[in-house]
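The values are calculated or read from the model by the stated rules, or taken from the named source; none is laboratory data. Because the structure is a prediction, the values reported are computed rather than measured. So basically every Cβ, Gly included, is an ideal-geometry build from the backbone, and we count neighbours across all protein chains shown.
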Amino acid sequence: MAEAQTKTLAGKDAVLEAMPEHPAVKALLGWKQDGLVDAKFDRGELTLAVSKEDIAAALLALQAGGYNFFEDMTAVDWYPSIPRFQLSYHILSHARKERVRLRTMVDESDAVVQSITSIWPGANYYEREVFDMFGVRFAGHPDMRRILMPDEWVGHPLRKDYPVEGYR
Amino acid sequence: MPADLVPTPVITAPTAEGSRDQHMVLNMGPQHPSTHGVLRLVLEIDGEIVVRLYPELGYLHTGIEKTCEAKFYQQVVPLTDRVDYLGPLANNLLYCLAVEKLLELEIPEKAQWIRVLLTEVTRLNSHLIWLGTHAMDIGALTVFLYTFREREEILRIFEMVSGQRMMTSYFRIGGLALEPPLGMFDRIRAFIKTFPEKIDEYSNLLTGNPIFYGRLKDVGHLSKEDAIALAVTGPVARASGIDYDVRRDNPYSSYEKFDFKVPVSNDCDVWARYMLRMEEMRQSVRIIEQALDGMPEGGTIRADAPKIVLPDRESMKTQMEALIHHFKIVTEGFAVPAGEVYQVIETGHGTAGYYVVSDGTAKPWRVHMRYPGFCNLQSLERMCKGRLLADVVAVIGSMDIVLGEIDR
């Protein structure tokens with residue numbers, strides 16, 4: 001990792017200019033020329049942002065581009081900003097031994113994202129966890145229920161407006 | 001992706017209609033001894049054949065990720081011990097690496113080597129528990145007593161290093177909490193010298209045992225394609241032919257300087273996972289030996305970052321600067337530059353990753369913990385479907401689950 005590029009590249013244009021040959025960038029550009037909304041290369045990690053509607057298609061393109069292993073997905077609540085939720089997908093390429101982060105923003109008013117369980121069934125528990133903790137729903141998920149909290153629980157604990165000690 | 005990989009939703013009680021009246025719904029856990037904690041499995045069985053299996057999680061959910069958001073960065077370290085409580089130092093390392101990446105902090109070489117040394121001892125600890133409980137589930141109770149004998153020595157080493165047997169918190173952001181105690185290296189060396197014989201001893205009890213072999217061989221088959229689709233990592237994935245180990249392929253904390261083999265098997269069954277973990281223990285011993293032999297002489301164990309790393313007691317008591325830094329760090333923490341990082345390491349169970357998001361303040365905005373046990377559990381139904389109920393116990397044992405890391 002020491003040899004990896006350490007310079008920070010902020011913004012889509014900087015990333016496209018500095019690493020046009022990167023397989024993840026190429027895969028996304030090959031899928032849709034204007035699909036990439038934003039990009040960042042920071043602390044040795046590449047982040048690619050796409051719009052909410054495109055997330056499943058973009059991940060499919062990444063999978064075709066050699067990023068074969070879904071490793072992690074989660075959400076970040078940027079309350080009170082709008083759009084509120086950030087979804088981060090971490091995808092690994094076993095061949096390149098490299099990860100890429102795909103990011104999308106989702107607003108609370110329309111917190112439904114297409115599920116990627118049809119691409120990687122392993123995303124099942126993660127999407128359930130995001131629904132449980134943040135209240136973001138996934139369309140097309142086979143079993144959209146809470147996973148860690150009890151089924152009858154009210155509220156989504158990892159939201160920033162949910163008190164740490166819970167509602168009393 | 002084949003549709004049958006997508007788990008079927010909740011199992012409802014069978015009705016009297018149709019052929020389903022042959023089926024029985026069985027609750028296994030959350031108090032069942034072979035579920036290694038509080039895992040609850042809802043099984044639909046046809047006689048002794050598992051038709052469907054559904055894991056119910058959350059009985060040990062403590063909201064650690066939420067708690068992290070209310071703490072200073074350095075206060076999160078003790079919380080990470082409690083996640084995967086069989087590999088506390090690996091969690092400490094993972095969290096510290098993630099925050100150090102955010103801070104872009106350079107760690108002294110000696111601290112890195114001690115981190116490698118102790119995480120490998122932690123791996124032995126984790127694998128010993130796996131072996132003991134796995135064999136016990138199968139009915140070989142003796143091995144459990146033997147592995148816990150060795151584990152006791154590891155816990156004593158942990159106690160010597162950190163004052164705690166299980167909740168170590170020895171690694172800190174920017175280095176180590178304290179200089180390693182006198183005699184620690186000798187004690188680990190003495191332990192490692194006899195340990196390969198102990199592995200042979202377990203092996204003599206189990207590997208040639210026809211009952212053990214019969215219960216494990218060709219049970220819990222998971223193909224390579226399924227393992228990739230279901231995000232399976234660690235020894236379970238390597239036993240299914242996925243040749244990936246973070247230590248070798250994305251080295252961290254100077255693992256690139258160590259020479260070790262990553263065992264891989266294409267047999268995809270419980271037996272392969274057993275053999276593979278036994279070999280991993282031998283490789284861990286090799287890494288520990290190299291770490292002891294090549295341990296950098298002298299040098300410091302803390303990064304040169306007075307605003308982040310606590311000063312040692314001596315300078316805190318004698319220098320005003322150090323006292324101010326100490327006071328500032330303890331009372332108001334330290335600000336971490338805004339950004340997001342995803343750091344991964346190889347724990348005893350597989351690829352663990354922390355996704356830490358900073359908004360530029362002294363408290364993490366979000367700490368997400370990716371633990372291998374959580375997603376490996378998704379493959380359980382795949383491995384048990386159509387097999388005997390008794391095999392479920394063998395498969396759970398082979399996955400080496402720790403509910404602390406699954407429910408968090």
Next item on the list: Need at least 3 residues that are over 30 Å from residue B:399 (Cβ atoms) per element, so show me which helices (runs of 4 or more DSSP H) inside region B:250-341 make the cut, counting only ones lying wholly within it.
Entry: B:313-318, B:320-332
Item checked: Residue count, region A:15-32 (criterion: free of Cβ contacts under 8 Å to residues at least 24 places away in the same chain and touching a strand residue (DSSP E or B) at 6+ places or on another chain (Cβ under 6 Å)) -> 1
Item checked: Exclusive hit being over 28 Å from residue B:382 (Cα atoms) and in contact with a strand residue (DSSP E or B) (Cβ under 9 Å, 6 or more places away or on another chain), set B:288, B:301 -> B:301
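Go through region B:236-249 residue by residue and tally those that are of a type in the set (Val, Ile, Thr) and part of a loop (DSSP other than H, G, I, E, B).
Number of matching residues: 1.
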Note to self: Against the definition (more than 20 Å from residue B:133 (Cα to Cα), touching a residue at least 24 places away in the same chain (Cβ under 8 Å) and in the same structural domain as residue B:110 (by TED's automatic domain parsing)), how does residue B:195 come out, yes or no?
What the structure shows: no
Next item on the list: Could you look through region B:243-272, keep only residues that are in contact with a Ser or Thr (Cβ under 7 Å, 6 or more places away or on another chain) and more than 15 Å from residue B:380 (Cα to Cα), and pick out the one that is nearest to the other protein chains (Cβ to nearest Cβ)?
Entry: B:246
Notebook entry, point to check: Is it fair to say residue B:345 is in contact (Cβ under 8 Å) with a residue 60 or more places away in the chain, buried (at least 21 other Cβ atoms within 10 Å of the Cβ) and assigned to a loop (DSSP other than H, G, I, E, B)?
Noted result: no
Check: Are any residues in region A:123-168 touching a strand residue (DSSP E or B) at 6+ places or on another chain (Cβ under 7 Å) and in contact (Cβ under 8 Å) with a residue 60 or more places away in the chain, and if so, which ones?
Finding: A:136, A:158, A:159, A:160
Next item on the list: Name the single residue, out of those in region B:116-159 being of a type outside the set (A, V, I, L, M, F, W, C) and in contact with a Phe, Trp or Tyr (Cβ under 6 Å, 6 or more places away or on another chain), that is nearest to residue B:203 (Cα to Cα).
Entry: B:132
Note to self: Out of the residues in region B:157-182 meeting the condition of being touching a residue at least 12 places away in the same chain (Cβ under 8 Å) and in a helix (DSSP H, G or I), tell me which one is surrounded by the fewest Cβ atoms within 10 Å (Cβ to Cβ).
What the structure shows: B:160
Notebook entry, point to check: Is there a residue in region A:51-65 that is farther than 24 Å from residue A:140 by Cα and within 12 Å of another protein chain (Cβ to nearest Cβ)?
Noted result: no
Checklist line | Residue among B:348, B:333 that is under 20 Å from the mean Cα position of the chain (by Cα) and modelled with pLDDT under 90 | finding: B:348
Item checked: Flag if residue B:279 is away from chain A (no Cβ under 14 Å) and touching a Pro at 6+ places or on another chain (Cβ under 6 Å) -> yes
Next item on the list: Filter region B:220-242 down to the residues that are touching a His at 6+ places or on another chain (Cβ under 9 Å) and in contact (Cβ under 8 Å) with a residue 60 or more places away in the chain, then identify the one that is nearest to the other protein chains (Cβ to nearest Cβ).
Entry: B:233
Margin query: Need pairs with beta-carbon distance below 7 Å; first residue under 26 Å from residue B:224 (Cα atoms) and touching a residue at least 24 places away in the same chain (Cβ under 8 Å) and within region B:243-264, second β-branched (Val, Ile, Thr) and surrounded by fewer than 19 Cβ atoms within 10 Å (Cβ to Cβ); sequence gap 6+ or separate chains.
Written below: B:245/B:262
